[in-house]
Amino acid sequence: MVDLSRRRLLQAGALAGSAMLLPGMMQAVWAAGSDKPEQQSVRVGFIPLTDCAPVAIAALKGFDKKYGITIVPTKEASWAAVRDKLVAGELDAAHILYGMLYGLELGIAGKPQQMANLMTLNHNGQAITLASELAERGVRDLEGLKKYVGQQAPGSLTFAHTFPTGTHAMWLYYWLASGGIDPFEDVRTVVVPPPQMVMNMRIGNMVGFCVGEPWNARAINDRIGFTAATSQSIWPEHPEKILGTRRAWVEQNPHTARALVCALLEASRWIEASEENRRETAHILARRAWLNTKEQYLTGRMLGEYDNGIGKRWRDPHPIRFFSDGAVSYPFLSDGMWFLTQFRRWGMLKSAPDYAAIAQRINQTAIWQDAALAVGGMSAPSSPLRSSTLMDGTVWNGTDPEGYASRFAIHRKGA
């Protein structure tokens, strides 16, 4: 991780009290003093998904200017494009899949790169969609899907995710395996960019996909699919997209990195300040420059209001979250380590990695703490590890990661 200077920590401590009394004081001092951002313009890539919201709001509401930078949002067509431009330096940072960043660090998502996670952008908010034709054949849940898959020749049914080491691949694999379906033996999986999911299901290229919103809601609206599971039903309050960059960029631009995190923290807090703000966020994201879709596809699930498309409606207890008093944004080491356990489970890593060491060098907890102090109203958790219970009852808390990775009955052959 990139360590903060003792001088800056002392400065932050000296100003903390007055900054709490006078919001913005610390930011003004930093922007004008020796901690002024090294870059005034910061290119941030994003994929047109609901969870790019903090990037959009930070840029459009002026939270970036408050911290002495200008965010230049760059809309990308696929996660592979985000990867390539980030690695090449065409992007300074990006709204990126958690597992994709870790895959880059380890050389299993491209050439090995030293990467950095500055903050988590959101929890929850993805889903697994199954084709309407399956519902017509009686498949409405994982149990029904297991039975149906068993009636087909191995590999004859195709499911899509968005990137091999990405979050959507991990949610899809975990969900299928929890129901007794081997994602590498019983079905076939392919990679499809998020905006192309609905079109590909419409023409019959797959019977299921895992992707972020609004594409699951769009499938329901277009009557080609239904929501079989939300990602939060797999892992309540799971980490999803992160603010990713190269470690070299952080080392060269530590003040810019801090300012960028500050701006996105402010934006995330604004989004969750009221239902009105969430609705306005949906309205903004629907615009051509962002998701280029109908507002109705975004608003319901942004508010936690779900309709699975086959008769079930509910208010989700774990809707997409961007802030939650800062708890969402903290880059927990255990969150990153979980993805390593799944890479191990699915044979992407042939030997046990140093789970904790990898997470410690990627997740920039010190920069988050510095930014949180500047923004105010947040404090770091007591531990960089957190405990979660997933859909199959397994508990993940960051301890014994190799034991956790090897405990699953279904895993990739040879893993």
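Of note:
- Ser41 vs. criteria open to solvent by less than 40 Å² (accessible area, probe 1.4 Å) and not aliphatic (A, V, I, L, M): no
- Residue in segment 243-251 that is more than 16 Å from Gly125 (Cβ to Cβ) and surrounded by fewer than 16 Cβ atoms within 10 Å (Cβ to Cβ) present: yes
- Residues located in segment 145-189, provided they are part of a strand (DSSP E or B) and more than 22 Å from His95 (Cα to Cα): Thr158, Phe159, Arg188, Thr189
- Helices (runs of 4 or more DSSP H) wholly inside segment 210-284 that include at least 2 residues being more than 25 Å from Trp338 (Cβ to Cβ): 215-221, 247-252, 254-271
- Number of the condition not met by Ala359 [criteria: (1) outside any helix (DSSP H, G or I); (2) without any contact (Cβ under 8 Å) to a residue 60 or more places away in the chain; (3) within 19 Å of Ala109 (Cβ to Cβ); (4) not aromatic (Phe, Trp, Tyr)]: (1)
- Count - residues of segment 172-220 that are farther than 22 Å from Leu303 by Cα and either among the aromatic types (Phe, Trp, Tyr) or touching a Cys at 6+ places or on another chain (Cβ under 7 Å) (or both): 6
- Wholly within segment 66-124, strands (runs of 3 or more DSSP E) carrying at least 3 residues that are of a type in the set (Lys, Arg), touching a helix residue (DSSP H, G or I) at 6+ places or on another chain (Cβ under 7 Å) and open to solvent by 10 Å² or more (accessible area, probe 1.4 Å): none
- Near pairs, Cβ below 7 angstrom, 6+ apart or cross-chain, from segment 207-220 (at pLDDT below 95) to any residue that is in a strand (DSSP E or B): none
Per-residue answers, yes or no, for (1) within 26 Å of Tyr102 (Cβ to Cβ); (2) buried (at least 16 other Cβ atoms within 10 Å of the Cβ); (3) modelled with pLDDT of 95 or more; (4) within 18 Å of the chain's Cα centre (by Cα):
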position	(1), (2), (3), (4)
Glu295	no, yes, yes, no
Glu305	no, no, yes, no
Asn308	no, yes, yes, no
Trp314	no, no, yes, no
Pro317	no, no, yes, no
Ile320	yes, yes, yes, yes
Val328	yes, yes, yes, yes
Phe332	yes, yes, yes, yes
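- Filter pass, Leu142 being hydrophobic (A, V, I, L, M, F, W, C) and open to solvent by 10 Å² or more (accessible area, probe 1.4 Å): yes
- Contacts under 9 angstrom Cβ, first residue in segment 152-179 being more than 16 Å from His411 (Cα to Cα) and open to solvent by 10 Å² or more (accessible area, probe 1.4 Å), partner aromatic (Phe, Trp, Tyr) and in a helix (DSSP H, G or I), 6 or more apart: Leu157/Tyr148; Phe163/Trp79
- The set of residues from segment 193-209 being part of a loop (DSSP other than H, G, I, E, B) and buried (at least 21 other Cβ atoms within 10 Å of the Cβ) comprises Met206, Val207.
- Residue pairs whose Cβ atoms lie under 6 Å apart, sitting 6 or more positions apart in sequence or on different chains, and linking a residue in segment 387-398 that is over 15 Å from Phe332 (Cβ atoms) to a partner that is open to solvent by less than 70 Å² (accessible area, probe 1.4 Å) and part of a loop (DSSP other than H, G, I, E, B), are Leu390/Trp235.
- Residues that are touching a helix residue (DSSP H, G or I) at 6+ places or on another chain (Cβ under 6 Å) and charged (D, E, K, R) within segment 253-278 comprise Arg258, Glu266, Arg278, listed in sequence order.
- Matching residues in segment 382-402 - criterion: being open to solvent by 60 Å² or more (accessible area, probe 1.4 Å), out of contact with any helix residue (DSSP H, G or I) (no Cβ under 9 Å at 6 or more places or on another chain) and outside any strand (DSSP E or B): Ser382, Asp400
The values are calculated or read from the model by the stated rules, or taken from the named source; none is laboratory data. The shown structure was predicted, so the numbers you read here are calculated from the model rather than taken from an experiment. Cβ coordinates were reconstructed from backbone atoms using ideal geometry, including for glycine residues, and neighbour counts include every protein chain displayed. Ligands, DNA and RNA are stripped out before the accessible areas are found, and what is left, the full protein with its side chains, is counted by its heavy atoms. Shrake-Rupley method; radii C 1.70, N 1.55, O 1.52, S 1.80 Å.
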